[in-house]
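Written below as structure tokens is the structure these notes are about.
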Amino acid sequence: MDLGLKGKNAVILGGTRGIGRAIADTLAGEGANVAICARNAEQVDAAVADLAKTGVTATGASVDVTDGEALKSWITSAGETLGSIDILVSNAGAMAQGNDPAAWEQNFQLDVLGAVNAFEAASPFLTKSAEANGDAAFVIIASVSAAQADRADSYGPIKATLIHMAKGLAREHASKGVRVNVVSPGMVFFEGGIWHTVKTNMPEFFEQANSRNPTGRCATPQEIADAAVFLASPKSSYTTGSNLIVDGAVSSRVNF
């Protein structure tokens, strides 16, 4: 299926590894130009070099997403470099576990304010793109943990905040042609990721966690990226304000 992404310009927060990198690779594979950011400059440079090999324009920078002004400045610069922003993806996450104030602050600063600042900077570009082409998209990566509360923890409520925010933004910007959607993954396994660490250090717990999923396995980053890129594409032009759960049916909630 041609997703209609050739020549589009996309900005991805946290685009060097895991889900973010898979999203960047998939967008580039569809012919979209990409701008990525992450903290590690060497990883950004390596990812940009690989993305450029696909024949698209690729750019990137080392950015601390918790530094609001630096993030907004980079997004503005990326939009000017690419010529527009048709797609914004907020994938950066602190992954801080626990219910102490430090964990709440880390998750809020990176996950929530990162998305808020990113959209503020990209909004003029997205609106202009929607006016010109009829469609622009903001996709946020949250988590199925937003809908589960096994224990008191900051991670799930922070992800739930993103889903609530996305719905409000979707309603506010629908008339402008700017769509806002969320993808909420379950367990995602990749080398260097949190579940790789769990498998290495706590193999019994990892197997126990996997056994709760009817599929018996974790998702791959590509499986999450495919959902995110579809929502970002013009093929999803009437889909906005949605929260797409991609968790292998590990959650038991019914999504009315």
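With respect to Arg179, is the statement that it is without any contact (Cβ under 8 Å) to a residue 60 or more places away in the chain and not in a helix (DSSP H, G or I) true?
no
Please name all residue pairs, on different chains or six or more residues apart, with Cβ atoms under 9 Å, provided the first residue is in the stretch 231-256 and is free of Cβ contacts under 8 Å to residues at least 40 places away in the same chain and the second residue is of a type outside the set (D, E, K, R) and part of a loop (DSSP other than H, G, I, E, B).
As it stands, the answer is Ala249/Gly186; Ala249/Asn213; Ala249/Pro214; Ala249/Thr215, since those pairs meet every condition given.
Any residue at all in the stretch 101-114 that's closer than 24 Å to Ala232 by Cβ, out of contact with any Asp or Glu (no Cβ under 8 Å at 6 or more places or on another chain), touching a residue at least 40 places away in the same chain (Cβ under 8 Å) and assigned to a loop (DSSP other than H, G, I, E, B)?
No, there is no match, as no residue in the stretch 101-114 is closer than 24 Å to Ala232 by Cβ, out of contact with any Asp or Glu (no Cβ under 8 Å at 6 or more places or on another chain), touching a residue at least 40 places away in the same chain (Cβ under 8 Å) and assigned to a loop (DSSP other than H, G, I, E, B).
Quick one: in the stretch 222-256, which of the residues that are part of a helix (DSSP H, G or I) and touching a strand residue (DSSP E or B) at 6+ places or on another chain (Cβ under 6 Å) is surrounded by the fewest Cβ atoms within 10 Å (Cβ to Cβ)?
First, the residues of the stretch 222-256 that are part of a helix (DSSP H, G or I): 222-232, 234-236.
Next cut, touching a strand residue (DSSP E or B) at 6+ places or on another chain (Cβ under 6 Å) only: 224, 227-228, 231-232.
Values: Ile224: 25, Ala227: 20, Ala228: 29, Leu231: 24, Ala232: 31.
Restricting to residues being part of a helix (DSSP H, G or I) and touching a strand residue (DSSP E or B) at 6+ places or on another chain (Cβ under 6 Å), the top hit is Ala227.
I'd like the residue in the stretch 234-252 that is under 16 Å from the mean Cα position of the chain (by Cα) and not β-branched (Val, Ile, Thr) and, out of all such residues, is farthest from Leu162 (Cα to Cα).
Selected residue: Asp247.
How about the stretch 22-53: which of its residues are out of contact with any strand residue (DSSP E or B) (no Cβ under 8 Å at 6 or more places or on another chain), under 19 Å from Ser233 (Cα atoms) and not acidic (Asp, Glu)?
Correct list: Ala22, Thr26, Gly29, Gly31.
Identify the single condition in (1) surrounded by 15 or more Cβ atoms within 10 Å (Cβ to Cβ); (2) aromatic (Phe, Trp, Tyr); (3) part of a helix (DSSP H, G or I) that Phe190 does not satisfy, given that it satisfies every other one.
For Phe190, the exception is condition (3).
So which of Ala118, Ala47 ends up being among the small types (Gly, Ala, Ser), surrounded by 23 or more Cβ atoms within 10 Å (Cβ to Cβ) and within 26 Å of Val178 (Cβ to Cβ)? Working first, answer last.
Values: Ala47 fails: within 26 Å of Val178 (Cβ to Cβ).
It is Ala118.
Quick one: which strands (runs of 3 or more DSSP E) lie wholly within the stretch 2-90 and hold at least 2 residues that are of a type in the set (Val, Ile, Thr)? Steps first, please.
Working: elements: 9-13, 33-38, 58-62, 87-90.
Once the strands (runs of 3 or more DSSP E) in the stretch 2-90 are filtered for at least 2 residues that are of a type in the set (Val, Ile, Thr), what remains is 9-13, 33-38, 87-90.
Output the residue which, of all residues in the stretch 71-107 that are surrounded by fewer than 16 Cβ atoms within 10 Å (Cβ to Cβ) and of a type in the set (A, V, I, L, M), is modelled with the lowest pLDDT.
So the residue we want is Met95.
The values are calculated or read from the model by the stated rules, or taken from the named source; none is laboratory data. Just so it is clear, the structure is predicted and the values come from calculations on it, not from any experiment. Note that each Cβ is placed from the backbone with ideal geometry, even for glycine, and that neighbours are counted across all protein chains shown.
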